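Here the structure is laid out as structure tokens; the discussion comes afterwards.
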Amino acid sequence: MAGLRMSYLEAGRRALIEEMERDASVWALGEDLGRGGVFGQYRGLQEVFGPERIADTPISEACIMGAAVGAAMTGTRPVVEMRFSDFALCAVDELVNQAAKARYMFGGQMRVPLVVREPIGMWRSSAAQHSQSLEAWYVHIPGLVVVAPATPADALGLMKSAIRCDDPVVFMEHKNLWALEGAVPEGEHLVPLGRAEVARAGDAVTLVTWSAMRHVCLTAAESLAAEGIAAEVIDLRTLWPWDRDTVLASVARTGRLLVVQEAVQVAGFGAEIAATVAEALHGALKAPVRRLGAPRIPIAYAPPLEDRARVGAGDVAAAVRAMLAPGSIPA
Amino acid sequence: MSASEAPDGAGDDAPDDRAVETGATDGAGGAASPEGADLGTANLDTANLDVPNLDTGRMLAHYRLMWRIRAFEETAVAAQAEGLVLGAIHPSIGQEGVAAAVCANLRRDDLLLSTHRGHGHTLAKGAGAPEMMRELFGRAGGTCGGKGGSMHIADFGVGMLGANGVVGANIPIAVGAAQALKLQRAERIVVCIFGDGAINRGPFLEGLNWAAVFDLPVLFVCEDNGFSATTRTRGVTAGAGAAARAQSLGMPAEVLDGNDVVTLDAAAREAIALVRAGQGPRLIEARTYRLSGHTAVDPAAYRPAEEVAAQRAVCPIMRLGAALCMAGIAEAALAEAEAAARAEMAAALAGARAAPWPEPAAAYADVQDVGDPRLGAF
């Protein structure tokens, strides 16, 4: 892998440029795209591709998503910008009842190949309507693919795969990662949907995570390593379909599973992983499966309050130590 | 009358106050006034039936199509009573004029989006009655393989992009389809039909604004049957209706008598030509009347029987039949149209009755490619 480095934000931008250059049916629509998008993910693209393919829309989330459904049914591949995943809730009918169901209820007559970009996560005192991580909602919906990249390389490679996918893909970028720099392979870089990455190898415990929590888990794993605890960190990258083979193989080896998510822990996607592992590997577990996520409270504005909803590296390390303590029952 | 002054059912005898002055052309006899507002004039005697230079060939085709729609739905309603049609169906009996006059002016490769009350539009766009009936029965060989039923009939082969179970949800989809056609530099257009209930949902405003802003090739048709499910729309709607709302966005719109097939056909033909010529989106508000209940099992006791009887006498089929008679078409030819339609739908019924259920494995097909449930125990 050569030494290209770019930000997470630039990686997503590059993916869109490459796919729009490759395929004339790819176009993007959303609010403020002509001025680069709210975070700059579309900077300069309207100058290159014109206002028809980088379409500035009214603040009409339902119509942005609904129009993308109609456009996807009619031979194009729209990339939908929802600005904040919180705003995509104004377009849930269009995504859940229309995009996700059309192929099935119309008996397979067509596909709905669209990507909806829904930036997630806590970011700089953004409070309850600009900070949520609702990925589990979409994983629950048959018909949708759900992706949550954590690195620039994955933002690039997964976005390109998502645009080429014939299914509607919910693509959840984390707002706190936009500036993250990382290595990206030169040349065409595609990351397959549905494949996890072992971000760090270890044999004492398996940490399963995704999105920004990958970096929190890696920090925790580093500090645990100093204590002689080798934690394996698996970044799922795609939440549906999720890579059960990689997770089950790892936990079969380590005997311990800790799922770490930024989202509210109750009924989060971590519960699905924990349940699956408990069902499949009950006899091989050396400790009960464990989850770490946010308490079931809205996300607050003031940092000391916002932090109550945040899972930190210290929390992860403490949970691992508790799981490894001889004879201890995790809290 | 404002919405706040109009509790449920109030204003029934008020004269129609929703006509939009610009482009309002619903004075053709006033025979089929909406919601039974003018019951005194709702009869064939006062309808404007003597149309000079009536294109009898064209109108006879519309007449046959309307009978096919009527016969299809009456057959389906009877089959539901027998337990053969399984889920809810929403008949458009009495509204056939809109389907015939609008859809018959489309090319096969034009696109259509319809509603939960969409059998007529779908037949008029060219979908096959046998496949549609099998879909209503949930059988193999149905338009959607038995996976959609009445509310989710689509036939992409004839440009019918779907009925929809969510009121107004077809509007954003329609404008997106039109945007794709524009991106592709196609000369095709999109017609989006919705009911009067839909104009109170946000997607109506969002979609009309969108179509105007992007100057899209889409014709909106508000098929105004006067009822939002089982409530009179007038009592829950502020302002003058769909056309007035479109005009407030600068979109050309006209109010027409949806039961006057001759006039509506001419207006739809012109509107479609203008949309196809790149003149931007337009809207037609077609006033009609739903002779059936909201669903096939809704007795519609919320309206007087006299109102329904009066409207039945001036439904679009009766009116066009009378006009054709006056233009010299033999009664036998008209009777033959009905008989042929009933025979066609009887055959569709027999075919659906004999059709097998879908294979159970089909439940897992066409969910998605990535994460296909058939590839794992999901």
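Only counting other Cβ atoms within 10 Å, I'd like A:Trp27, B:Trp357 sorted with the fewest neighbours first. All intermediate terms of the calculation are to be shown ahead of the outcome.
On the way: A:Trp27 23, B:Trp357 11.
Arranged by neighbour count, lowest to highest, A:Trp27, B:Trp357 become B:Trp357, A:Trp27.
Over all distinct Cα pairs, what is the inverse of the mean 1/r for the range B:166-317, reported as the Kirkwood hydrodynamic radius in Å? Could you put the intermediate results ahead of the total?
Details: mean 1/r = 0.0621 Å⁻¹.
Value: 16.1 Å, from the Cα pair sum.
Tell me, what HN-Hα J-couplings in whole Hz come from the Karplus equation 6.51 cos²θ - 1.76 cosθ + 1.60 at θ = phi - 60° for each residue of the range A:23-39, using x for Gly and Pro?
Those phi angles translate into 9, 5, 7, 7, 8, 10, 9, x, 7, 6, 5, x, 9, x, x, 5, 10 Hz.
Testing the spin-label approximation: label points 7 Å from Cα along Cα→Cβ at A:Arg253 and B:Ala361. State their distance in nm.
Modelled inter-label distance: 3.6 nm.
By how many degrees, 0 to 90 and rounded to 10, does the Cα axis of helix A:313-324 deviate from the longest principal axis of chain A?
In chain A, helix A:313-324 runs at an angle near 40 degrees to the longest axis.
Tell me the angle of helix A:8-22 to the major Cα principal axis of chain A, expressed in degrees between 0 and 90 and rounded to the nearest ten.
Relative to chain A, helix A:8-22 is tipped by roughly 40 degrees.
Hey, can you grab everything whose amide H is under 5 Å from the amide H of A:Leu239? Only 5+ residues off in sequence or another chain; H modelled, so Pro and N-termini drop out.
A:Val146, A:Val147, A:Ala148
Spelling out what I want: for every residue of the range A:227-234, take phi, set θ = phi - 60°, compute 6.51 cos²θ - 1.76 cosθ + 1.60 (Karplus), and round to whole Hz; glycine and proline get x.
Residue by residue, the range A:227-234 yields 9, x, 9, 9, 9, 8, 10, 10 Hz.
Quick one: P(r) of chain A from all Cα-Cα pairs, 10 Å bins, percents rounded to integers, in order of increasing distance.
Answer for chain A: a P(r) of 6, 26, 34, 23, 9, 2, 0 percent.
Given that compact globular proteins tend to follow 2.2 N^0.38 Å, what is the ratio of the alpha-carbon Rg of the range B:239-366 to that value? Could the numbers behind the result be given before it?
Values: Rg = 20.5 Å, N = 128, 2.2 N^0.38 = 13.9 Å.
In units of the 2.2 N^0.38 Å rule of thumb, it is 1.48.
Give the Rg/Rh ratio for the range B:64-348, taking Rg as the radius of gyration of the Cα atoms and Rh as the Kirkwood radius, to two decimals. Each step should come with its number before you reach the end.
Working: Rg = 17.9 Å, Rh = 18.9 Å.
When Rh is taken as the Kirkwood radius, the ratio is 0.95.
Give the order of A:Ser250, B:Ser228, A:Ser223 when sorted by the count of other beta carbons within 10 angstrom, beginning with the fewest. All intermediate terms of the calculation are to be shown ahead of the outcome.
Values: A:Ser250 24, B:Ser228 20, A:Ser223 15.
Listed from fewest to most nearby Cβ atoms, that is A:Ser223, B:Ser228, A:Ser250.
Over the whole of B:167-174, what's the average partner chain Cβ count within 10 Å per residue? Rounded to a whole number, please.
Values: counts 0, 3, 7, 3, 5, 14, 15, 3.
For peptide B:167-174, the averaged partner shielding equals 6.
Over chain B, what relative contact order in percent results from Cα pairs under 8 Å that are six or more residues apart?
On the way: 755 pairs, mean separation 96.8, N = 378.
Over chain B, the number comes to 26 percent.
Calculate, in whole percent, how much of the Cα-Cα pair population of the protein assembly as shown lies beyond 43 Å. Walk me through the intermediate numbers first.
Values: 85951 of 250986 pairs.
Tail fraction, whole percent: 34.
Taking K and R as +1 and D and E as -1, what net charge do the other residues with C-beta under 13 Å from the C-beta of A:Gly3 add up to? It would help to have the intermediate numbers written out before the result.
Details: positive: A:Arg5; negative: A:Glu181, A:Glu186.
Here the charged neighbours net out to -1.
Please give the FRET efficiency for B:Asp109 paired with A:Arg5, using the beta carbon to beta carbon distance and R0 = 51 Å, rounded to the nearest 0.05. Write down the numbers at each step before the final one.
Working: r = 49 Å, r/R0 = 0.96.
With R0 = 51 Å, the Cβ-Cβ based efficiency is 0.55.
Given labels modelled 7 Å from the Cα in the Cβ direction, how far is it in nm from A:Ala201 to B:Ala309?
Roughly 8.8 nm, to one decimal.
Okay, helix-only estimate at 222 nm for chain B: each DSSP H run of n ≥ 4 adds -39500 (n - 2.57), divide by all residues, round to 500 deg cm²/dmol; what do you get? Present the calculation step by step, with values, prior to reporting the outcome.
Values: 10 runs with 135 residues, N = 378.
Taken over chain B, the calculation gives -11500 deg cm²/dmol.
Using 0.36 nm times the number of residues separating A:Glu279 and A:Arg321, minus their current alpha carbon distance, what extension gain do you get?
The A:Glu279-A:Arg321 span can extend by a further 12.7 nm.
Let me know the number of lysine pairs in the protein assembly as shown closer than 28 Å at the Cα, not counting same-chain pairs under 8 apart.
On the way: A:Lys101/A:Lys160; A:Lys101/B:Lys125; A:Lys101/B:Lys147; A:Lys101/B:Lys182; A:Lys160/A:Lys175; A:Lys160/B:Lys182; B:Lys125/B:Lys147; B:Lys125/B:Lys182.
Step by step, the pairs that qualify in the protein assembly as shown add up to 8.
Can you give the calculated 222 nm mean residue ellipticity of chain A, where each DSSP H run of n ≥ 4 adds -39,500 (n - 2.57) and the sum is split over every residue, rounded to the nearest 500 deg cm²/dmol?
On the way: 11 runs with 113 residues, N = 331.
Result for chain A: -10000 deg cm²/dmol, rounded to the nearest 500.
At a Förster radius of 25 Å, what calculated FRET efficiency corresponds to the Cβ-Cβ distance of A:Arg35 and A:Ala179, to the nearest 0.05? Numbers along the way, then the final one.
Values: r = 19 Å, r/R0 = 0.77.
The value I calculate is 0.85.
Got a sec to turn the phi values of the range B:347-356 into Karplus ³J(HN,Hα) couplings, 6.51 cos²θ - 1.76 cosθ + 1.60 with θ = phi - 60°, whole Hz, x for Gly and Pro?
Running phi through 6.51 cos²θ - 1.76 cosθ + 1.60 with θ = phi - 60° gives 5, 4, 4, 4, x, 5, 4, 8, 6, x Hz.
Could you work out the relative contact order of the range A:7-184? I mean the mean sequence separation of Cα pairs under 8 Å and 6+ apart, divided by the number of residues, in percent.
Relative CO of the range A:7-184 lands at 26 percent.
Against the 2.2 N^0.38 Å scaling, with N counting residues, where does the range A:7-184 land? I'd like the Cα-based Rg ratio to two decimal places.
Working: Rg = 14.9 Å, N = 178, 2.2 N^0.38 = 15.8 Å.
So the range A:7-184 has a normalised radius of gyration of 0.94.
How large are Rg and Dmax for the range A:54-130 when only the alpha carbon atoms are used, in Å?
13.5, 46
Can you tell me the dipole magnitude for the protein assembly as shown around its Cα centre, using point charges on the Cβ only (Lys, Arg +1; Asp, Glu -1), in Debye to the nearest 20?
Details: 61 positive and 83 negative charges, 392 e Å.
That gives the protein assembly as shown a dipole magnitude of about 1880 debye.
Which order do B:Met251, A:Met172 fall in if you start with the one that has the fewest other Cβ atoms within 10 Å? Don't jump to the answer; show the numbers that get you there.
Details: B:Met251 18, A:Met172 25.
Fewest-to-most Cβ neighbours within 10 Å comes out as B:Met251, A:Met172.
List every residue whose amide H lies under 5 Å from the amide H of A:Ala55, counting only residues 5 or more places away in sequence or on a different chain, with H placed 1.01 Å from N in the peptide plane.
A:Ala28, A:Leu29, A:Gly30
In nanometres, what is the gap between the two model label sites at A:Val266 and B:Glu187, each 7 Å from Cα along Cα-to-Cβ?
Here the answer is 6.1 nm between the modelled labels.
Over the range A:197-324, how many percent of alpha carbon pairs lie in each 5 Å bin up to the one with the longest distance?
2, 12, 23, 25, 20, 11, 5, 2, 0
Relative to the longest principal axis of the C-alpha atoms of chain A, give the angle of the C-alpha long axis of helix A:213-226, reported between 0 and 90° and rounded to the nearest 10°.
30 degrees
Each reported figure results from applying straightforward, stated rules to the coordinates on display, with no laboratory input. This structure is a prediction, so every number in the text was calculated from the model and none was measured. Here Cβ is always computed from backbone atoms with ideal geometry, including for glycine, and neighbour counts include all displayed protein chains.
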